[in-house]
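Report on the structure given below.
The values are calculated or read from the model by the stated rules, or taken from the named source; none is laboratory data. Model, not experiment: these values are computed from the prediction. FYI the Cβ positions are ideal-geometry reconstructions off the backbone, even for glycines, and counts take in every protein chain you see. Note: areas computed on protein heavy atoms with side chains; ligands, DNA, RNA excluded. Shrake-Rupley method; radii C 1.70, N 1.55, O 1.52, S 1.80 Å.
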Amino acid sequence: MRVMTQRRLGGPEVLEMVEARLPEPQEGEVLVRVHAVGVNPVDRLARTGESPLLGDPPFTVGRDLSGVVETCGGDVTGLRPGDEVFGMIRGGAYAEYVTVRVEHLAPKPATVDHVHAAAVPTAALTAWQALIDTGAVGPGRRVLVHAAAGGVGHIAVQIAKAEGAYVIGTARADKHRFLRDLGVDEPLDYTTTDFALTVRDIDVALDLIGGAYGPRTLATLRPGGLLASAVLSDPGVIAEDGEARGVRCARVAVQPSGATLRKVAALMAAGRIRPHVSAVLPLAEAGKAHEMSGTGRTQGKIVLTVTDHEG
Ligand SMILES: NC(=O)c1ccc[n+]([C@@H]2O[C@H](COP(=O)([O-])OP(=O)(O)OC[C@H]3O[C@@H](n4cnc5c(N)ncnc54)[C@H](OP(=O)(O)O)[C@@H]3O)[C@@H](O)[C@H]2O)c1
């Protein structure tokens with residue numbers, strides 16, 4: 001099989017397509033024939049070594065995949081060869097085949113193609129674990145999503161809306177129509193409006209930017225509100241800052257979960273979560289995809305196709 005690997009840390013040029021042996025699924029794993037892979041900022045950060053997630057090379061990056069179960073290892077129930085699945089793994093998805101623990105996968109909704117399914121797992125799991133599992137977002141809650149037009153943000157908005165929340169989302173003005181289409185009640189142009197001075201009474205804020213955003217977002221929260229930060233490398237706010245203001249602060253490190261992806265899949269099948277894919281490239285052009293992602297301007301997601309026949 002072909003796999004996009006790297007033998008050293010560095011720029012996009014370190015990515016190289018090589019032939020590798022087909023991996024064998026172990027107990028509790030399935031072998032998935034990958035059709036499409038979602039690109040995440042962490043792929044780039046692992047490639048350069050800015051994120052220690054995968055350790056030292058050689059390794060293969062890639063978290064989000066959609067594909068078809070090829071074979072099953074021992075003790076696998078609930079999935080069979082031929083099943084279409086999507087899910088998040090820790091790394092290694094930039095490949096034609098990958099072995100995945102069965103509990104990290106969910107059936108792909110039949111109405112969603114592999115390209116769009118591959119755009120979802122990390123974004124939806126991060127958003128769900130922050131907004132629902134940690135923030136208990138429900139009807140009438142006021143939610144602030146920073147970087148609402150990006151990979152995580154645009155799914156977070158749709159999850160919050162599906163739960164009945166009122167959503168304020170930050171993005172440049174040229175993306176406000178996109179935000180409205182996603183269901184954002186109040187798009188906010190962060191280049192002209194200071195959210196820290198204008199937004200108030202937020203129940204749950206999701207920080208996908210880091211730096212000064214975390215501390216500045218504390219002022220937007222109502223007493224007892226939650227700041228959930230997904231930017232792990234960032235010193236950000238410490239719990240004591242929040243306590244002093246009577247609010248909670250949580251860091252969200254996304255975890256794989258087929259169980260949560262089943263709930264997400266139900267919302268996708270119902271048309272409540274519609275992943276937006278702004279660019280599709282072949283796996284061979286992963287380096288170019290990383291450069292595009294590195295601009296920090298992505299609307300929705302960038303996806304790599306792994307098989308020739310994917311549409
Ligand atoms: N902790 C975890 O487990 C976890 C999981 C997933 C992601 N993350 C992290 O979360 C962050 C976001 O990930 P992502 O995949 O959503 O990234 P992304 O898709 O690359 O985000 C791009 C978006 O960010 C927006 N943006 C950039 N600067 C902004 C600003 N100052 N204010 C508001 N929006 C801004 C851009 O909109 P404009 O063009 O309008 O500026 C663009 O739409 C990354 O740092 C990623 O590493 C962490």
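Residues of segment 35-55 being out of contact with any strand residue (DSSP E or B) (no Cβ under 6 Å at 6 or more places or on another chain), within 13 Å of the ligand (Cβ to nearest atom) and not in a helix (DSSP H, G or I), which ones? Listed by number, the residues that qualify are ASN40, GLU50, SER51.
Against the criterion of being out of contact with any Ser or Thr (no Cβ under 9 Å at 6 or more places or on another chain), of a type outside the set (Asp, Glu) and assigned to a loop (DSSP other than H, G, I, E, B), VAL231 qualifies.
Please count how many residues of segment 82-105 are crowded, with 18+ Cβ neighbours inside 10 Å and outside any strand (DSSP E or B). Outline the logic, then answer.
Residues of segment 82-105 crowded, with 18+ Cβ neighbours inside 10 Å: 84-89, 92-102, 104-105.
Applying the additional criterion that residues be outside any strand (DSSP E or B) yields 89, 92-94, 96, 102, 104.
Selection size over segment 82-105: 7.
For VAL280, the test of being open to solvent by 10 Å² or more (accessible area, probe 1.4 Å) and hydrophobic (A, V, I, L, M, F, W, C) is passed.
Summed over segment 179-215, the residues that are within 17 Å of VAL237 (Cα to Cα), within 14 Å of the ligand (Cβ to nearest atom) and either outside any helix (DSSP H, G or I) or among the polar types (S, T, N, Q) (or both) give a count of 8. For segment 117-134, state whether one or more residues are open to solvent by 10 Å² or more (accessible area, probe 1.4 Å), more than 13 Å from the ligand (Cβ to nearest atom), without any contact (Cβ under 8 Å) to a residue 60 or more places away in the chain and outside any strand (DSSP E or B). Yes: one or more hits.
If a residue has to be in a loop (DSSP other than H, G, I, E, B), open to solvent by 50 Å² or more (accessible area, probe 1.4 Å) and either aromatic (Phe, Trp, Tyr) or in contact (Cβ under 8 Å) with a residue 12 or more places away in the chain (or both) to count, how many in segment 57-81 make the cut? Number satisfying all stated conditions: 5. Residues in segment 254-269 that are open to solvent by 20 Å² or more (accessible area, probe 1.4 Å) and either at pLDDT below 95 or not in a loop (DSSP other than H, G, I, E, B) (or both): ALA259, ARG262, LYS263, ALA266, LEU267, ALA269.
State the number of residues belonging to segment 220-238 that are small (Gly, Ala, Ser) and without any contact (Cβ under 8 Å) to a residue 60 or more places away in the chain. Talk me through it step by step, then tell me what you get.
Going through segment 220-238, the residues small (Gly, Ala, Ser) turn out to be 224-225, 228-230, 233, 236.
From the residues that got through so far, the ones that are without any contact (Cβ under 8 Å) to a residue 60 or more places away in the chain too are 224-225, 229, 236.
Of the residues in that region, 4 qualify.
Residues of segment 216-228 that are under 24 Å from the mean Cα position of the chain (by Cα) and outside any helix (DSSP H, G or I): GLY225, LEU226, LEU227, ALA228.
PRO25 passes every criterion in (1) crowded, with 19+ Cβ neighbours inside 10 Å; (2) not in a loop (DSSP other than H, G, I, E, B); (3) not aromatic (Phe, Trp, Tyr) apart from (2).
Please work out which residue is farthest from the ligand (Cβ to nearest atom), limiting yourself to segment 232-253 and to residues that are within 20 Å of ALA156 (Cα to Cα) and open to solvent by 30 Å² or more (accessible area, probe 1.4 Å). Give the derivation first.
Keep residues of segment 232-253 that are within 20 Å of ALA156 (Cα to Cα), which gives 232, 248-253.
Next, only the ones that are open to solvent by 30 Å² or more (accessible area, probe 1.4 Å) stay: 232, 248-249, 251, 253.
Values: LEU232: 5, ARG248: 17, CYS249: 14, ARG251: 7, ALA253: 5 Å.
Restricting to residues being within 20 Å of ALA156 (Cα to Cα) and open to solvent by 30 Å² or more (accessible area, probe 1.4 Å), the top hit is ARG248.
Inside segment 283-311, residues that are closer than 18 Å to THR60 by Cα and open to solvent by 60 Å² or more (accessible area, probe 1.4 Å) make up a count of 4.
May I ask you to verify whether ALA20 is hydrophobic (A, V, I, L, M, F, W, C) and within 25 Å of VAL277 (Cβ to Cβ)?
Numbers: hydrophobic (A, V, I, L, M, F, W, C): yes; within 25 Å of VAL277 (Cβ to Cβ): no.
No: the conditions fail for ALA20.
Within segment 198-216, the presence of at least one residue that is of a type in the set (Gly, Ala, Ser), buried (at least 22 other Cβ atoms within 10 Å of the Cβ), modelled with pLDDT of 95 or more and touching a strand residue (DSSP E or B) at 6+ places or on another chain (Cβ under 6 Å) is confirmed.
Restricted to segment 159-178, and to residues there that are part of a helix (DSSP H, G or I) and more than 13 Å from the ligand (Cβ to nearest atom), the residue that is most open to solvent (accessible area, probe 1.4 Å) is LYS161.
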